[in-house]
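Engineer: Would you mind keeping the following structure in view while I ask a few things?
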Amino acid sequence: MQPIYLDYNASTPIEPVVAAAMKPFLQDHFGNPSSGHWAAVGAKTALEAARGLVAALLGAESDEIIFTSGGSEANNLALKGVAWALKAKGDHIITSAVEHPAIVGPCQFLEQLGFRVSVVPVNRFGRVDPDDVQGAITARTILISIMHANNEVGTIQPIAEVGRIAREHGILLHTDAAQSVGKIATDVNNLGVDLLTIAGHKVYAPKGVGALYVRRGTPIEPLVHGAGHEAGRRAGTESAMLAVALGAACELAQDLAAMEVVRALRERFWQQLQAVFGQRIVLNGHPEHRLPNTLNVSFIGRIGAEVLARVEGVAASTGSACHTGHVKLSPVLEAMGVAPEIGIGAIRFSLGRGTTREEIDAAAEQLANTLATAV
Ligand SMILES: Cc1ncc(COP(=O)(O)O)c(C=O)c1O
C-alpha cells in the first residue's frame, strides 16, 4: 500500500522548481551578500530578487520584507518587536483564542514583562467577531494580532474588518498568515494589516525560512541585535539559498487556481466520508470561511489518535492528546466550544498540490474499512 500524505498543514514537500532554484547556492554562490566584491554579487542579487517575489505575493514593497527562520520567528518578531518599540505608548495587546503556540508563547512572555493581553473568543466555527475586537480596545492598546487562517480547522478570520477597526483606532494589526499564504489571497493592503507572517515550509519551500512583512514606518525592535542586515531589523548573514527558495515558492503561490483543484478533492473526500459515516461524523470549522485544503472531522465515539493509528499509511493529524487514558481536547476545539466527546474524535486532513484523486479515494476507503471493523 502506498503511503498517503494528508498533512500539508503540518508541512509541505519542497517543490522541484524551488529545489532547483536553491541548488546553485549549495555550490556556486557562496559569497556573503553583504560583501563588497565579486563573490557577493550572485548572492546579493538573488537575495533581493527573492525579496521582491515575496513582496509581490503580498502586494507589498521589497523593503517591507524581513527574512526569518520561519513562522515562529516571524510571529515572535512581530509581537515582541512591536511591543518593545511601542512600550512608551501602551502596554496592551489583543489576540484571539485560537492562535498557534507561536503567538500564545510570545504573548505569555510579554505578560511576564508587564504587558497585558486580551484574548477575544471565537464562535462555534472558530471565528472571531470584529465587534469583540473593537470592544477589547483600550487607550493603552498598541497591537492586535489575529491569525488569518487556523492551522487545525482552517477557519478564515475576518481580517479586513478587523483591519478597518485597527486603523480607525490607530492600532497596529499583525496577522499570522502561515497557513493562508498560497491557499487564499493574502494581499496586505486588502487585508489592512501592518505586519504579516509567512512560514516557508507551509508553502512548498524548505523548513528554516520564513518572512515577516512590516509596513513602511511601523516601529519594530529587532529580536537579534548585531550588524545591519535586513535593514537593521534582524542581524545575521542572510542565507541567499533559503531566501531564493522562499521567493520561488511565493512566485508559485501566486497561482491560486491550483487550490481550486485541491478544494474539489477536499469536497470529494468530505462527501465520501459523509456517505459512509452519515450522522457519525461532524465537520469542525467554518463551512464556508475555511481554507480550501483543510478538512477537520470528528468521528463520534472514537478517539482521533486511535483512528489514525489504525489507518496505516495515511498521514494526518489529531489535535487532541491522550495521556494515561485521559484525552485532552486541543485548545482550538475547546475555544470553539466543541463538546469533549466530539472533540476527542477529531482528525485534521489537509490536502495539497500533490494530492491525487486516487489518494483521496483510497484514504476514504481505508477509513471506512477500518472503522467498520474497529471496536
Ligand atoms: C498558524 C501557524 N503559525 C505559525 C507556525 C509556526 O511556523 P514555523 O513552523 O515555520 O515556525 C505554524 C506551524 O505549524 C502555524 O500553523
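Engineer: Please compute the modelled spin-label separation between Arg216 and Thr138, points set 7 Å along Cα→Cβ, answer in nm with one decimal.
Structural biologist: Result for the modelled spin labels: 3.5 nm.
Engineer: Can you work out the Karplus-derived ³J(HN,Hα) for every residue in region 29-42? Use 6.51 cos²θ - 1.76 cosθ + 1.60 with θ = phi - 60°, whole Hz, and x for glycine or proline.
Structural biologist: Per-residue couplings from phi come out as 8, 8, x, 7, x, 8, 5, x, 10, 4, 5, 7, 4, x Hz.
Engineer: Less than 13 Å Cβ to Cβ from Asn151, Lys/Arg counted +1 and Asp/Glu -1: what total charge do the surrounding residues give?
Structural biologist: Its environment carries a net charge of 0.
Engineer: With each pseudo-label sitting 7 Å past Cα toward Cβ, what's the Glu161-Glu312 distance in nm, one decimal?
Structural biologist: If labels sit at Glu161 and Glu312, their model points lie 4.8 nm apart.
Engineer: Now, a different point. Averaging sequence separations of C-alpha pairs under 8 Å and six or more residues apart, then dividing by the length of region 1-117, give the relative contact order as a whole percent. Intermediate results must be reported in sequence, preceding the final value.
Structural biologist: Numbers: 70 pairs, mean separation 16.0, N = 117.
Computed value for region 1-117: 14 percent relative contact order.
Engineer: Here's a follow-up. Provide the packing ranking of 349-358, 249-258, i.e. peptides ordered by the mean count of other C-beta atoms within 10 Å per residue, highest first.
Structural biologist: 349-358, 249-258
Engineer: Using Cα pairs under 8 angstrom and six or more residues apart, how large is the relative contact order of region 95-175, in percent? Before the final figure, lay out the partial values.
Structural biologist: Working: 94 pairs, mean separation 24.9, N = 81.
Across region 95-175, relative contact order equals 31 percent.
Engineer: Using the Cα gyration tensor of the chain, with a ≥ b ≥ c the square roots of its eigenvalues, what is the shape: rounded (a/c below 1.5), prolate (a/b larger than b/c) or oblate (neither)?
Structural biologist: Working: a/c = 2.12, a/b = 1.30, b/c = 1.63.
Oblate is the answer for the chain, as a/c is 1.5 or above yet b/c matches or exceeds a/b.
Engineer: Just want to confirm a number: the relative contact order over the chain, from Cα pairs under 8 angstrom separated by 6+ residues, in percent.
Structural biologist: RCO, the chain: 23 percent.
Engineer: May I pose another question? In the structure shown, do any of Lys80/Lys202; Lys207/Lys328; Lys23/Lys207 have a Cα-Cα gap over 25 Å, and if so which?
Structural biologist: In this structure, Lys207/Lys328 exceed 25 Å between Cα atoms.
Engineer: Sort 50-63, 169-182 by the packing proxy (mean of other Cβ within 10 Å over each peptide's residues), most packed first.
Structural biologist: Result, highest mean first: 169-182, 50-63.
Engineer: Between region 325-366 and region 232-285, what is the separation of their alpha carbon centroids in Å?
Structural biologist: Using only Cα atoms to place each centre, the spacing works out to 16 Å.
Engineer: Can you list which of the trypsin sites (Lys or Arg not before Pro) found in region 95-177 are DSSP loop residues with at most 12 other C-beta atoms within 10 Å?
Structural biologist: Listed in order of number, the matching sites are Arg124, Arg140.
Engineer: At a Förster distance of 22 Å, what's the computed FRET efficiency of Phe109 paired with Glu334, Cβ-Cβ distance as r, to 0.05?
Structural biologist: My answer for the efficiency is 0.50.
Engineer: How big is the antiparallel share of DSSP beta bridges in the chain, given as a percent to the nearest 5?
Structural biologist: Expressed as a percentage, antiparallel bridges in the chain total about 55.
Engineer: Then there's this: Less than 10 Å Cβ to Cβ from Val314, Lys/Arg counted +1 and Asp/Glu -1: what total charge do the surrounding residues give?
Structural biologist: Details: positive: Arg310; negative: Asp7, Glu312, Glu359.
Charge balance in the 10 Å sphere: -2.
Engineer: What's the local net charge at Ser62, with K and R +1, D and E -1, over the other residues with C-beta under 10 Å away?
Structural biologist: Residues near Ser62 contribute -3 overall.
Engineer: Under a point spin-label approximation (7 Å from Cα along Cα-to-Cβ), what is the Arg268-His326 distance to one decimal in nm?
Structural biologist: 4.4 nm
Engineer: What order do you get for 14-22, 77-85, 30-38 when each peptide is scored by the mean count of other beta carbon atoms within 10 Å, highest first?
Structural biologist: Per-residue mean Cβ counts within 10 Å order the peptides as 77-85, 14-22, 30-38.
Engineer: Next up: Of Val153, Ala248, Phe269, which is farthest on the positive side of the dipole of the chain, counting Cα position, with +1 on Lys and Arg Cβ, -1 on Asp and Glu Cβ, and the Cα centre as origin?
Structural biologist: Positive-most Cα among the choices belongs to Val153.
Any read-out appearing in this document is the output of simple, stated calculations on the displayed coordinates, not a laboratory observation. Quantities reported herein were computed from a predicted structural model and do not represent experimental measurements. Counting neighbours? That spans all protein chains shown, and the Cβs are built from the backbone with ideal geometry, glycine included.
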